[in-house]
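See structure below.
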Amino acid sequence: MTTSITAETIHPAQKPLEGSLRLPGDKSISHRYGMLAAIAEGTSVIHNYSSGADCHSTLGCLRSLGVEITEDRRDVTIAGRGLHGLTESAAQLDAGNSGSTIRMLSGILAGQRFTTRIGGDESLAKRPMLRVMTPLAQMGATLSARDDKFPPLSIRGGELRPLDYDMPVASAQVKSCVLLAGLYAHGTTTVREPARTRDHTEVALREFGVEVEAGRGYAKVRGPARLEARELSVPGDLSSAAFFLVAAAIVPGSNVILQGVGLNPTRASLIDFLVSAGVEIRVLNMGMKNGEPVGDLLVRGGALKGGVIEKQWSAALIDEIPVLAILGALSEEGLTVRDAAELRVKETDRIETMASNLRRMGIQIETAPDGFHLPGKQTFGPAEIDSFGDHRIAMAFAVAGLRASGPVVIQNAGAASVSFPEFWDTLRGLAA
């Protein structure tokens with residue numbers, strides 16, 4: 001588990017938040033660009049690559065597989081080795097805290113002609129892997145895991161068979177894993193999903209020259225494929241933007257612009273929900289960059305209604321629910337979350353870590369196996385809370401501190417570096 005002895009103290013906002021921010025590169029897109037560049041033909045340059053530790057775990061794994069990578073601030077240059085050019089690592093690959101790394105990279109490793117072991121930290125060792133092991137085994141790879149379902153994984157690759165796979169759980173990581181394995185199979189691999197998930201893999205594959213067919217509830221690739229090196233720019237991370245969108249929304253009179261944010265339609269549920277909950281958001285300067293829509297977001301603080309997150313909304317907003325809970329407690333109607341059992345198998349059991357910290361701040365919450373209910377019109381009190389090593393919990397409660405009645409001390413605040421190392425400085429700058 002990624003933790004730090006560092007504590008951060010957040011003081012209540014004394015005035016509206018004002019300013020313009022440019023956020024680090026999108027974490028989801030950075031992972032995908034890095035992996036695809038490694039198996040492309042030629043040298044790719046990725047601008048604004050995520051500064052988060054998770055995405056650098058991906059680069060570390062790729063280096064261990066023989067890929068030459070150079071970094072210059074947020075620009076990453078990757079010398080691609082082609083579909084079958086990776087080399088066996090002498091040591092176990094270290095995915096750190098990154099579920100994206102281990103799950104998606106497993107699809108590529110399944111197509112290699114050698115055996116790889118890949119694991120991570122204490123938190124990652126508790127996250128379920130059967131969801132990727134099952135389809136990869138059906139495609140012809142040989143996999144083993146601790147207790148048959150937890151990292152570390154051992155993956156013996158080889159010649160893969162195409163697969164028509166119905167995912168039992170909506171997961172962009174699983175979909176991506178199977179599509180990446182499909183690049184190595186002789187024939188068409190199809191993935192069908194029970195609810196719409198983010199489509200960054202399909203978009204990125206097209207950018208690297210792979211023919212992808214995608215429609216409502218499915219995506220297809222035909223292998224074996226050839227990827228061509230590209231120069232790419234990663235848009236600002238919408239999941240990181242969520243913390244500042246909510247921060248501006250809950251501090252009355254705020255006026256904040258987030259520049260160059262990725263606005264992929266499969267991620268736009270965040271903006272749709274916030275608007276439905278009463279947040280004033282305007283999209284400015286829309287454009288396209290490497291197949292991904294990008295724009296500036298103007299958000300203003302004001303009256304908040306709250307709402308319900310359930311069914312397909314739960315899958316679409318699963319990463320943003322911790323910070324949306326902060327908004328919900330302050331809103332008129334509160335927030336109810338259902339159909340989100342996936343929260344329990346993230347970096348922490350996020351339902352319990354949220355509930356524990358909210359109660360420390362004097363907030364009432366009723367939990368359920370697949371969600372929770374937060375009554376509205378509540379007041380955050382001063383408290384000492386614990387991130388439990390979870391980056392999104394640390395950042396969500398930092399936002400809560402802006403509306404608390406006194407200082408909020410966040411233990412293990414360094415967990416934010418998993419996705420957003422600059423978070424604390426950015427928040428302080430906005431609130432100053």
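The values are calculated or read from the model by the stated rules, or taken from the named source; none is laboratory data. Predicted, not measured: the structure shown is a model, and the values here were computed from it. All Cβ positions, even for glycine, are placed from backbone atoms using ideal geometry, and neighbour counts span all protein chains on display.
A few remarks follow.
Rundown of residues vs (1) under 21 Å from HIS11 (Cβ atoms); (2) assigned by TED's automatic domain parsing to the domain that holds ILE309; (3) part of a loop (DSSP other than H, G, I, E, B), yes/no style:
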| site | (1), (2), (3) |
| --- | --- |
| GLU342 | no, yes, no |
| ILE351 | no, yes, no |
| ALA355 | no, yes, no |
| GLN364 | no, yes, yes |
| GLN378 | yes, yes, yes |
| GLU384 | yes, yes, no |
| PHE388 | no, yes, yes |
| ILE393 | yes, yes, no |
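- Considering only residues in the range 35-55 that are under 18 Å from SER417 (Cβ atoms) and in contact with a Phe, Trp or Tyr (Cβ under 7 Å, 6 or more places away or on another chain), the one that is surrounded by the fewest Cβ atoms within 10 Å (Cβ to Cβ) turns out to be GLY52.
- Residues that are without any contact (Cβ under 8 Å) to a residue 24 or more places away in the chain and part of a helix (DSSP H, G or I), drawn from the range 58-83: ARG63
- Hey, GLY328 touching a Gly at 6+ places or on another chain (Cβ under 7 Å), buried (at least 24 other Cβ atoms within 10 Å of the Cβ) and within 18 Å of PRO252 (Cα to Cα) or not: yes
- The one condition in (1) modelled with pLDDT of 95 or more; (2) more than 28 Å from HIS84 (Cα to Cα); (3) crowded, with 24+ Cβ neighbours inside 10 Å; (4) among the polar types (S, T, N, Q) that THR58 fails to fulfil: (2)
- Output for the range 138-155, where each listed residue is within 16 Å of ILE102 (Cβ to Cβ) and not acidic (Asp, Glu): ALA141, LEU143, SER144, ALA145, ARG146, LYS149, PHE150, PRO151, PRO152, LEU153, SER154, ILE155
- Cβ-Cβ under 8 Å pairs, at least 6 apart or on other chains, the range 31-57 side free of Cβ contacts under 8 Å to residues at least 24 places away in the same chain, far side crowded, with 24+ Cβ neighbours inside 10 Å and part of a helix (DSSP H, G or I): none
- Each residue in the range 413-432 was checked for being touching a residue at least 24 places away in the same chain (Cβ under 8 Å) and part of a loop (DSSP other than H, G, I, E, B), and 4 of them qualify.
- Filter result for ILE410 (outside any helix (DSSP H, G or I), within 21 Å of the chain's Cα centre (by Cα), outside the structural domain of HIS56 (by TED's automatic domain parsing) and at negative phi): no
- Restricting attention to the range 100-123, the residues that are touching an Asp or Glu at 6+ places or on another chain (Cβ under 8 Å), among the small types (Gly, Ala, Ser) and assigned to a helix (DSSP H, G or I) add up to 1.
- In the condition set (1) surrounded by 24 or more Cβ atoms within 10 Å (Cβ to Cβ); (2) polar (S, T, N, Q); (3) out of contact with any helix residue (DSSP H, G or I) (no Cβ under 8 Å at 6 or more places or on another chain), SER30 is compliant with all but (3).
- Options ALA277, ALA315: the member that is in contact with a strand residue (DSSP E or B) (Cβ under 9 Å, 6 or more places away or on another chain), aliphatic (A, V, I, L, M) and touching a residue at least 24 places away in the same chain (Cβ under 8 Å): ALA277
- GLY215 meets all of the listed conditions (1) in contact with a strand residue (DSSP E or B) (Cβ under 7 Å, 6 or more places away or on another chain); (2) surrounded by fewer than 24 Cβ atoms within 10 Å (Cβ to Cβ); (3) of a type outside the set (A, V, I, L, M) but one, namely (1).
- Residue check, SER50 in a loop (DSSP other than H, G, I, E, B), closer than 19 Å to LYS289 by Cα and either among the hydroxyl-bearing types (Ser, Thr, Tyr) or more than 20 Å from the chain's Cα centre (by Cα) (or both): yes
- Scanning the range 145-166 for residues that are surrounded by 20 or more Cβ atoms within 10 Å (Cβ to Cβ) and under 24 Å from ALA315 (Cα atoms) turns up PRO151, TYR165.
Per-residue answers, yes or no, for (1) crowded, with 21+ Cβ neighbours inside 10 Å; (2) in contact with a strand residue (DSSP E or B) (Cβ under 7 Å, 6 or more places away or on another chain):
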{"residue": "GLU347", "(1), (2)": "yes, no"}
{"residue": "ARG350", "(1), (2)": "yes, no"}
{"residue": "GLY371", "(1), (2)": "yes, yes"}
{"residue": "LEU374", "(1), (2)": "yes, yes"}
{"residue": "PHE380", "(1), (2)": "yes, yes"}
{"residue": "PHE388", "(1), (2)": "yes, no"}
{"residue": "VAL399", "(1), (2)": "yes, no"}
{"residue": "GLU422", "(1), (2)": "no, no"}
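- Flag if ALA248 is at pLDDT 95 or above, within 30 Å of GLY187 (Cβ to Cβ), touching a strand residue (DSSP E or B) at 6+ places or on another chain (Cβ under 6 Å) and surrounded by 22 or more Cβ atoms within 10 Å (Cβ to Cβ): no
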